[in-house]
Amino acid sequence: MRLGLFGGSFDPPHNGHLALCLLARELLGLDRLIISVSKNPFKAPSDAPDDDRAMMARLLAAELNSTGSIVEVSGWELCQPGASYTIDLLRHVGDAHPGAELVLLVGEDSYRQMHSWKSPAEIASLCRIAVFGRSGFSAEGQDSDITLPQALIHEFDMPVSATAVRALIAAGQAVTHLVPQSIAAYIASRGLYH
Ligand code: ATP
């Protein structure tokens, strides 16, 4: 079984996440996909509470599952006592699914930071890393001495970020073109990001 793992703060989930998961499912032939909601230790006051982020991640999963049911949401990271790290999540998921071939999905901005993550070499030994291009992000200027784990970079261009979504909402502008309808409705009903 090929099992994809996609972590993020999902604050909120947006069409970039949606498109990335849909592409990954087809391109990588995923049998299952776990969306993991991460802890957000550097929370700004405008950010959504953990329960809301988990709920919106479940709405994202529901959108994805409407075209074939393979996605589930994990709140494992949110339940951990301290900071959560991708390496710990990978070990946890690997233990829970012995024999599964793990594929870690990341945007290129995250991938370029991976040298500063906990145990990058071990991450690469436990899974395949699939990187998706991040619109507006350029690796130019990155220190050429940095060693990043081996990965396959896929072309991808969805110009949307959670930061932009939060800023638009705070400015009283519509985000219906940037997030799935169910998530826009949830954000409005909970009054998030104002
Ligand atoms: P923020 O703007 O708050 O930093 P974000 O839009 O990057 O949030 P996250 O939940 O932090 O969203 O991202 C989770 C993962 O999805 C990361 O690996 C990130 O690189 C990737 N990702 C998010 N949006 C895109 C996008 N538009 N294109 C490619 N990758 C993306």
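The values are calculated or read from the model by the stated rules, or taken from the named source; none is laboratory data. This one's a predicted model, so the numbers in the text were calculated from it and none came from an experiment. Cβ placement follows ideal geometry from the backbone for every residue including glycine, while neighbour counts extend to all protein chains displayed. These area figures cover heavy atoms from the full protein model, side chains too; ligands, DNA and RNA do not enter into them. Shrake-Rupley method; radii C 1.70, N 1.55, O 1.52, S 1.80 Å.
If you scan the range 51-87, which residues turn out to be surrounded by 13 or more Cβ atoms within 10 Å (Cβ to Cβ) and without any contact (Cβ under 8 Å) to a residue 12 or more places away in the chain? Break it down into steps so the answer makes sense when it comes.
So the first thing to find is which residues in the range 51-87 are surrounded by 13 or more Cβ atoms within 10 Å (Cβ to Cβ), and the list is 52-65, 70-78, 80, 84-87.
Of everything in the range 51-87, just one residue is surrounded by 13 or more Cβ atoms within 10 Å (Cβ to Cβ) and without any contact (Cβ under 8 Å) to a residue 12 or more places away in the chain, namely Asn65.
Take the conditions modelled with pLDDT of 95 or more and either within 24 Å of Gln142 (Cβ to Cβ) or within 16 Å of the ligand (Cβ to nearest atom) (or both) and apply them to Arg91. Does it pass? It would help to see each step written out before you state the result.
Values: modelled with pLDDT of 95 or more: yes; either within 24 Å of Gln142 (Cβ to Cβ) or within 16 Å of the ligand (Cβ to nearest atom) (or both): no.
Spelling it out, it is not the case that Arg91 is modelled with pLDDT of 95 or more and either within 24 Å of Gln142 (Cβ to Cβ) or within 16 Å of the ligand (Cβ to nearest atom) (or both).
In the range 131-174, how many are open to solvent by 60 Å² or more (accessible area, probe 1.4 Å), assigned to a helix (DSSP H, G or I), away from the ligand (no atom under 11 Å from the Cβ) and without any contact (Cβ under 8 Å) to a residue 12 or more places away in the chain?
So the answer is 0.
If Lys39 passes every condition in (1) within 14 Å of the ligand (Cβ to nearest atom); (2) open to solvent by less than 40 Å² (accessible area, probe 1.4 Å) but one, which one does it miss?
The single condition Lys39 does not satisfy is (2).
For the range 10-29: of the residues being outside any helix (DSSP H, G or I) and in contact (Cβ under 8 Å) with a residue 40 or more places away in the chain, which is surrounded by the fewest Cβ atoms within 10 Å (Cβ to Cβ)? Reasoning before the result, please.
So the first thing to find is which residues in the range 10-29 are outside any helix (DSSP H, G or I), and the list is 10-14, 29.
From what's left, in contact (Cβ under 8 Å) with a residue 40 or more places away in the chain: 10-14.
On the way: Phe10: 27, Asp11: 26, Pro12: 29, Pro13: 28, His14: 23.
Per the criteria, the residue is His14.
For Gly99, work out the one condition from (1) within 16 Å of the ligand (Cβ to nearest atom); (2) at positive phi it doesn't fulfil.
The single condition Gly99 does not satisfy is (1).
Please indicate, with yes or no, whether at least one residue in the range 70-85 is touching a strand residue (DSSP E or B) at 6+ places or on another chain (Cβ under 9 Å), part of a helix (DSSP H, G or I) and within 14 Å of the ligand (Cβ to nearest atom). Spell out the reasoning first.
So in the range 70-85, the residues touching a strand residue (DSSP E or B) at 6+ places or on another chain (Cβ under 9 Å) come out as 70-78, 84.
Those left that are additionally part of a helix (DSSP H, G or I): 76-78.
Next cut, within 14 Å of the ligand (Cβ to nearest atom) only: 77-78.
Within the range 70-85 (the criterion being touching a strand residue (DSSP E or B) at 6+ places or on another chain (Cβ under 9 Å), part of a helix (DSSP H, G or I) and within 14 Å of the ligand (Cβ to nearest atom)), the answer is yes, since at least one residue qualifies.
Using the structure shown, decide if Gly7 is out of contact with any Lys or Arg (no Cβ under 8 Å at 6 or more places or on another chain), assigned to a helix (DSSP H, G or I), within 14 Å of the ligand (Cβ to nearest atom) and closer than 22 Å to Val165 by Cα.
Values: out of contact with any Lys or Arg (no Cβ under 8 Å at 6 or more places or on another chain): yes; assigned to a helix (DSSP H, G or I): no; within 14 Å of the ligand (Cβ to nearest atom): yes; closer than 22 Å to Val165 by Cα: yes.
No: the conditions fail for Gly7.
Filtering the range 92-120 down to residues that are in a loop (DSSP other than H, G, I, E, B) and of a type outside the set (Gly, Ala, Ser), which residue is surrounded by the fewest Cβ atoms within 10 Å (Cβ to Cβ)? Steps first, please.
Of all residues in the range 92-120, those in a loop (DSSP other than H, G, I, E, B) come to 97-100, 112-113, 117-119.
Now narrow it down to the ones that are of a type outside the set (Gly, Ala, Ser): 97-98, 112-113, 117-118.
Working: His97: 14, Pro98: 6, Arg112: 18, Gln113: 14, Trp117: 14, Lys118: 12.
Of everything passing the filter in the range 92-120, Pro98 is surrounded by the fewest Cβ atoms within 10 Å (Cβ to Cβ).
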